[in-house]
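I have placed the structure first, in the form of structure tokens, so that the comments after it can refer back to it.
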Amino acid sequence: MRHHLVLRVVAKMLIPFILLFGLYVQFHGDFGPGGGFQAGVIFAAAFILYALVFGDDQARKVVPDKALILLVPLGLLIYALTGFAGILLGGKFLDYDVLSSDPTHGQHLGILIIELGVGITVAAVMISIFRAYAGRTKAIDKEDW
Amino acid sequence: MNIILAHLPVLQVAIPLIAAPICVLFTFGGHRKLAWCFTLVISWVSFLIAGALLSHVLLEADISYAIGNWPPPFGIEYRVDPINAFVLLIISGISAIALPFARLSVEKEIENDRHILFYTSYLLCLTGLLGVTITGDAFNIFVFLEISSLSTYVLIATGVRQDRRALTAAYNYLILGTIGATFFVIGIGLLYMVTGTLNIADLAERLKPLSDNRAVHAGFAFIVIGMALKLALFPMHVWLPNAYTYAPSLVTVFLAATSTKVSVYVLLRFLFTVFGPTYDFVDLTFEFVFLPLALLAMFAGSITAIFQTNVKRLFAYSSVAQLGYMMLGVSLSNIPGLMATILHIFNHALMKGALFMALGCVAYRLGTVSLSSMKGLGRSMPWTMGALILGGLSLIGVPGTVGFISKWHLILGTLEAGYWPIAILIVGSSLLAVIYIWKIVEVAYLENDVDQNQVSKEVPISMLAPLWVLVILNFYFGIDADLTTWVARNVAETFLGGGA
Amino acid sequence: MVDALISHYNYWLIIILMMLGLYIVVSRGNLVKKIVGLNIFQTSVFILYISLGKVSGGTAPILTGKPETFSNPLPHVLILTAIVVGIATTALGLALVVRIRESYGTIEEDDILIAERSQEVSEPNGGTV
């Protein structure tokens, strides 16, 4: 992979910042554009960049398939369980007011948790979609580049 | 216990929704049978919840549940009234009856390592259909409609192991279904632009003084066309025959009995609750759009069915004709006509459920559902073919079956509206149904040169039992139709008596 | 007349995009191009919703303590949902195209129809399940 030195170095430098930006977008969704879905896609973009530059096999070692099968339902379960927590604590489904002693804090906590769930699922789904397409054709030989 | 009862409307959707990710987690350990068993339990729980909701709504009052405790015009509201609860019962009931049949059918038709994801998609489809029916918020209808549609495309495409045309069938359905759903969203956007609300009851209130507004007319047109695409009203039915033919048997049973009915329900909800038949443009639509298209559907569907050699495709075209009957009932805009539509939502689910399940049993033994391979099957698979013929009698509308009840009310409706030529046309298209059912009877029972190499015996009891449950229900509700006609009359009077 | 054209430019844009999208779906035979057309069609719907959320003189709907006019935030949320639905549909459509390519060897609709017709003709019975 001598040919792609610039690509590899720049990717290695950028990926941590992309992940950091994804986390920023995730948790600042209530004060600016952002939220679960956008953050999940940005997060996934970092892993997809890694897979594009370093190869699908290497990317599978970084994020194994089993981890994705675990993460995709996990986010949705977090969302649904927050809804049920609302019922168990005395309110309606997805009622955030009852999640904390003060309705405002309850709302803040509720939105934070469900956006986290959404972010996890979306990131995992985006990476799985990419992997489903990338894994189907065999990689191009180094000489054919 | 009281917590459960108070939150039933949301549990109806939330339980299948949370079951779907749990089903994915079964991949750790490869528990295929557990996935089927889990889906079965969830379906039966949904059926019990739907039954509880229906009895509460019929005996007491409509239920309104505010999600997130935000009061109705501001938040999303789940609203259960008789028509809702009725359709919920149909969806969960068909799912509950079809799943015992699924164990062997899915084993045979789908690769082993795909079973867990197949049942996950099935649960998501169930969630989507239940959600469309129970919600009282227009945009929420779109969200759940797309959840169910996307899982439907996946479910149809899993039939690729039997025939690769399942892929193109799913693709065509995807393109047409997405266009339909996007038209629906455009219509909702136009209505939101004019009224400022998305809640169905609130929309009905705010649209009352606005019947001359051009944006409202455009919104109505987009919504009607969008839902007509989804419910396969002729000529927008082109996705239906391929989708039903190449899908796995369980998927065809579930979809034929539920997905188009849910779209009919959404159309009824918008036509009668949101807009109301007193608007001129709604009346004009009934007379000049629905009526001719419904008549064309009845005849084009039945005539095309007569010439098919693949029995699944034959019944798919017959479904197009039956949807024509439902839209005819709507277009008459009087009480018997609307009762016929609502009864037919229930009756068609029972009829087509039984017919496609019988075909699924045939496919389990023979591997094919072509007419010529069914020679002499009446002797080797008596129970299956018996169910098929009885379902066919119901399709024709023989007195004593559910098919007769809906056709009877439909004819009453046409006579009350003064359209007696249409009554003759209804009888005519029922006679066409006799022709294609006779084709099957002839091949199955009256052929003498049976292929001796083809040895088939009856299917196991786990597939026969749900099939005969559906057949018996066909006759039970045909003989004692009091409950269904009472519900239908109740709903029709509410719809035509001034909405909501 | 020109005034109506200029002041409502966003609605004209919506209609042009909508018609472009539908035309591409209908007229192009390549399966991937159909999906692209579908995406353009859905994009026009997003612009419709966002247009109707703008309040003239309104600013971003974030509470800062100062009393001011805010644009309507509800359409933005609706569009986020619709965008996600659009992405899921595109992903699913493309996955189907990949499988169709592997199965039929082509992604041109005309060639696929020819292949399916010859498959129907070569089956004397009317086919498998």
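Between C:THR106, C:THR81, which is more than 9 Å from chain B (Cβ to nearest Cβ) and surrounded by 14 or more Cβ atoms within 10 Å (Cβ to Cβ)? Step through it out loud before you land on a result.
Values: C:THR81 fails: more than 9 Å from chain B (Cβ to nearest Cβ).
From the options C:THR106, C:THR81, the qualifying one is C:THR106.
Output the number of the condition that A:GLY91 fails; it satisfies all remaining conditions of (1) open to solvent by less than 20 Å² (accessible area, probe 1.4 Å); (2) at pLDDT 85 or above; (3) not in a helix (DSSP H, G or I).
Against the list (1) open to solvent by less than 20 Å² (accessible area, probe 1.4 Å); (2) at pLDDT 85 or above; (3) not in a helix (DSSP H, G or I), A:GLY91 comes up short only on (2).
Go through segment B:161-175 and give me each residue that's open to solvent by 20 Å² or more (accessible area, probe 1.4 Å) and more than 7 Å from every other protein chain (Cβ to nearest Cβ).
First, the residues of segment B:161-175 that are open to solvent by 20 Å² or more (accessible area, probe 1.4 Å): B:161-162, B:164, B:172.
The answer is B:ARG161, B:ASN172.
Could we say that B:ILE440 is open to solvent by 50 Å² or more (accessible area, probe 1.4 Å), of a type outside the set (D, E, K, R), part of a helix (DSSP H, G or I) and over 17 Å from B:MET327 (Cα atoms) here? Write out each step before concluding.
Details: open to solvent by 50 Å² or more (accessible area, probe 1.4 Å): no; of a type outside the set (D, E, K, R): yes; part of a helix (DSSP H, G or I): yes; over 17 Å from B:MET327 (Cα atoms): yes.
Spelling it out, it is not the case that B:ILE440 is open to solvent by 50 Å² or more (accessible area, probe 1.4 Å), of a type outside the set (D, E, K, R), part of a helix (DSSP H, G or I) and over 17 Å from B:MET327 (Cα atoms).
Cβ-Cβ under 7 Å, sequence separation 6+ or interchain: first residue in segment B:226-243 and touching a residue at least 24 places away in the same chain (Cβ under 8 Å), partner of a type in the set (Asp, Glu). Which pairs?
Here the result reads none, with nothing in segment B:226-243 linked to a residue that is of a type in the set (Asp, Glu).
Tell me the residue from C:LEU22, C:LEU38, C:LEU92 that is at the interface with chain B (Cβ under 9 Å from one of its Cβ atoms), aliphatic (A, V, I, L, M) and in contact (Cβ under 8 Å) with a residue 40 or more places away in the chain, please. Please lay out each step first, then the result.
Numbers: C:LEU22 fails: in contact (Cβ under 8 Å) with a residue 40 or more places away in the chain; C:LEU92 fails: in contact (Cβ under 8 Å) with a residue 40 or more places away in the chain.
So the residue among C:LEU22, C:LEU38, C:LEU92 that is at the interface with chain B (Cβ under 9 Å from one of its Cβ atoms), aliphatic (A, V, I, L, M) and in contact (Cβ under 8 Å) with a residue 40 or more places away in the chain is C:LEU38.
Which one is surrounded by the most Cβ atoms within 10 Å (Cβ to Cβ), of the residues in segment B:329-373 that are among the β-branched types (Val, Ile, Thr) and outside any helix (DSSP H, G or I)? Reasoning before the result, please.
The initial filter retains those residues of segment B:329-373 that are among the β-branched types (Val, Ile, Thr), namely B:330, B:335, B:341-342, B:345, B:362, B:368-369.
Subsequent filtering for residues that are outside any helix (DSSP H, G or I) retains B:368-369.
Working: B:THR368: 22, B:VAL369: 26.
Across segment B:329-373, the extreme among qualifying residues is B:VAL369.
Out of (1) in contact (Cβ under 8 Å) with a residue 40 or more places away in the chain; (2) open to solvent by 10 Å² or more (accessible area, probe 1.4 Å), what's the single condition that is false for B:ALA66?
The single condition B:ALA66 does not satisfy is (1).
Looking at (1) in contact (Cβ under 8 Å) with a residue 40 or more places away in the chain; (2) buried (at least 24 other Cβ atoms within 10 Å of the Cβ), which is the only condition B:ALA85 fails?
(1)
Condition first: open to solvent by less than 30 Å² (accessible area, probe 1.4 Å) and touching a residue at least 60 places away in the same chain (Cβ under 8 Å). Now tell me which residues in segment B:203-219 satisfy that.
B:LEU203, B:ALA204, B:LEU207
For the structure I just gave you, tell me whether C:GLY127 is in contact with a helix residue (DSSP H, G or I) (Cβ under 8 Å, 6 or more places away or on another chain), modelled with pLDDT under 90, under 21 Å from B:LEU191 (Cα atoms) and not hydrophobic (A, V, I, L, M, F, W, C).
Working: in contact with a helix residue (DSSP H, G or I) (Cβ under 8 Å, 6 or more places away or on another chain): yes; modelled with pLDDT under 90: yes; under 21 Å from B:LEU191 (Cα atoms): no; not hydrophobic (A, V, I, L, M, F, W, C): yes.
Spelling it out, it is not the case that C:GLY127 is in contact with a helix residue (DSSP H, G or I) (Cβ under 8 Å, 6 or more places away or on another chain), modelled with pLDDT under 90, under 21 Å from B:LEU191 (Cα atoms) and not hydrophobic (A, V, I, L, M, F, W, C).
List the residue pairs whose Cβ atoms are under 8 Å apart, where the first residue sits in segment B:295-313 and is closer than 23 Å to B:PRO248 by Cα, the second is surrounded by fewer than 19 Cβ atoms within 10 Å (Cβ to Cβ) and among the small types (Gly, Ala, Ser), and the two are 6 or more positions apart or on different chains.
Filtered contacts from segment B:295-313: B:THR309/B:SER372.
Among the numbered conditions (1) facing chain C (nearest Cβ under 8 Å); (2) in contact (Cβ under 8 Å) with a residue 24 or more places away in the chain; (3) over 27 Å from C:ILE47 (Cα atoms), tell me where B:LEU126 comes up short.
(1)
Looking only at segment A:96-138, count every residue that is open to solvent by 50 Å² or more (accessible area, probe 1.4 Å), farther than 22 Å from C:VAL77 by Cβ and of a type in the set (D, E, K, R) and tell me the total.
Within segment A:96-138, residues that are open to solvent by 50 Å² or more (accessible area, probe 1.4 Å), farther than 22 Å from C:VAL77 by Cβ and of a type in the set (D, E, K, R) number 3.
Please work out if B:ALA157 is more than 7 Å from every other protein chain (Cβ to nearest Cβ) and in contact (Cβ under 8 Å) with a residue 12 or more places away in the chain.
For B:ALA157, the condition - more than 7 Å from every other protein chain (Cβ to nearest Cβ) and in contact (Cβ under 8 Å) with a residue 12 or more places away in the chain - is not met.
Which residues, taken from segment B:196-255, are away from chain C (no Cβ under 14 Å) and outside any helix (DSSP H, G or I)?
Result: B:SER211, B:ASP212, B:ASN213, B:LEU231, B:ALA232, B:LEU233, B:PHE234, B:PRO235, B:HIS237.
Of everything in segment B:94-108, what is of a type outside the set (A, V, I, L, M, F, W, C) and open to solvent by less than 10 Å² (accessible area, probe 1.4 Å)? Give them in sequence order. Talk me through it step by step, then tell me what you get.
To start, the set of residues in segment B:94-108 that are of a type outside the set (A, V, I, L, M, F, W, C) comprises B:95, B:100, B:103, B:105, B:107-108.
B:SER95, B:SER105, listed by residue number.
Quick check on segment B:20-39. Is at least one of its residues buried (at least 22 other Cβ atoms within 10 Å of the Cβ), assigned to a helix (DSSP H, G or I), within 22 Å of the chain's Cα centre (by Cα) and within 12 Å of chain A (Cβ to nearest Cβ)?
Yes, because at least one residue in segment B:20-39 is buried (at least 22 other Cβ atoms within 10 Å of the Cβ), assigned to a helix (DSSP H, G or I), within 22 Å of the chain's Cα centre (by Cα) and within 12 Å of chain A (Cβ to nearest Cβ).
For segment B:290-307, what are the residues that are open to solvent by less than 30 Å² (accessible area, probe 1.4 Å) and under 16 Å from B:ILE440 (Cβ atoms)?
Within segment B:290-307, B:SER302, B:ALA305, B:ILE306 qualify.
Tally up the residues in segment A:51-69 that are assigned to a loop (DSSP other than H, G, I, E, B) and without any contact (Cβ under 8 Å) to a residue 24 or more places away in the chain, please. Reasoning before the result, please.
So the first thing to find is which residues in segment A:51-69 are assigned to a loop (DSSP other than H, G, I, E, B), and the list is A:55, A:63-64.
Now drop any that are not without any contact (Cβ under 8 Å) to a residue 24 or more places away in the chain, which leaves A:64.
Residues that pass the stated criteria total 1.
State which residue is nearest to B:ALA363 (Cα to Cα) when the search covers only segment B:109-124 and only residues that are open to solvent by less than 20 Å² (accessible area, probe 1.4 Å) and of a type in the set (A, V, I, L, M, F, W, C).
That would be B:ILE110.
Within segment A:70-78, does at least one residue satisfy the condition of being assigned to a helix (DSSP H, G or I), within 14 Å of chain B (Cβ to nearest Cβ), more than 22 Å from A:VAL9 (Cα to Cα) and modelled with pLDDT under 90? First the steps, then the outcome.
Looking only at segment A:70-78, we keep the residues that are assigned to a helix (DSSP H, G or I), and these are A:70-78.
Next, only the ones that are within 14 Å of chain B (Cβ to nearest Cβ) stay: A:70-78.
With more than 22 Å from A:VAL9 (Cα to Cα) added as a condition, the list becomes A:70-78.
Restricting the remaining residues to those that are modelled with pLDDT under 90 gives none.
Looking through segment A:70-78, none of the residues is assigned to a helix (DSSP H, G or I), within 14 Å of chain B (Cβ to nearest Cβ), more than 22 Å from A:VAL9 (Cα to Cα) and modelled with pLDDT under 90.
Could you tell me whether any residue of segment B:95-113 is basic (Lys, Arg), touching a residue at least 24 places away in the same chain (Cβ under 8 Å) and either in contact with a strand residue (DSSP E or B) (Cβ under 6 Å, 6 or more places away or on another chain) or within 19 Å of B:TRP44 (Cα to Cα) (or both)?
Applying the first criterion (basic (Lys, Arg)) to segment B:95-113 yields B:103, B:108.
If we keep only those that are touching a residue at least 24 places away in the same chain (Cβ under 8 Å) as well, we get B:103, B:108.
After this cut, where a residue has to be either in contact with a strand residue (DSSP E or B) (Cβ under 6 Å, 6 or more places away or on another chain) or within 19 Å of B:TRP44 (Cα to Cα) (or both) as well, the list is B:103.
Yes, segment B:95-113 has at least one match.
Can you find a residue in segment C:16-35 that is among the hydrophobic types (A, V, I, L, M, F, W, C), part of a helix (DSSP H, G or I) and closer than 28 Å to A:GLY32 by Cα?
The first filter runs over segment C:16-35 and keeps only residues among the hydrophobic types (A, V, I, L, M, F, W, C), leaving C:16-20, C:22, C:24-26, C:31-32, C:35.
If we keep only those that are part of a helix (DSSP H, G or I) too, we end up with C:16-20, C:22, C:24-26, C:31-32, C:35.
When the remaining residues are screened for being closer than 28 Å to A:GLY32 by Cα, the result is none.
No, because not a single residue in segment C:16-35 is among the hydrophobic types (A, V, I, L, M, F, W, C), part of a helix (DSSP H, G or I) and closer than 28 Å to A:GLY32 by Cα.
Which count do you get for residues in segment B:140-153 that are open to solvent by 10 Å² or more (accessible area, probe 1.4 Å) and within 7 Å of chain C (Cβ to nearest Cβ)?
Matching residues across segment B:140-153 total 2.
If the Cβ limit is 7 Å and pairs must be 6+ apart or interchain, which residue in segment B:322-343 that is on the phi > 0 side of the Ramachandran plot pairs with which residue that is open to solvent by 10 Å² or more (accessible area, probe 1.4 Å) and of a type outside the set (Asp, Glu)?
So the pair list comes out as B:SER333/B:PRO277.
The values are calculated or read from the model by the stated rules, or taken from the named source; none is laboratory data. Keep in mind that this is a model prediction, so the values were computed, not measured. Glycine also receives a Cβ, built like all others from the backbone with ideal geometry; neighbour counts cover every protein chain displayed. SASA here: full protein model, heavy atoms, side chains in, ligands and nucleic acids out. Shrake-Rupley method; radii C 1.70, N 1.55, O 1.52, S 1.80 Å.
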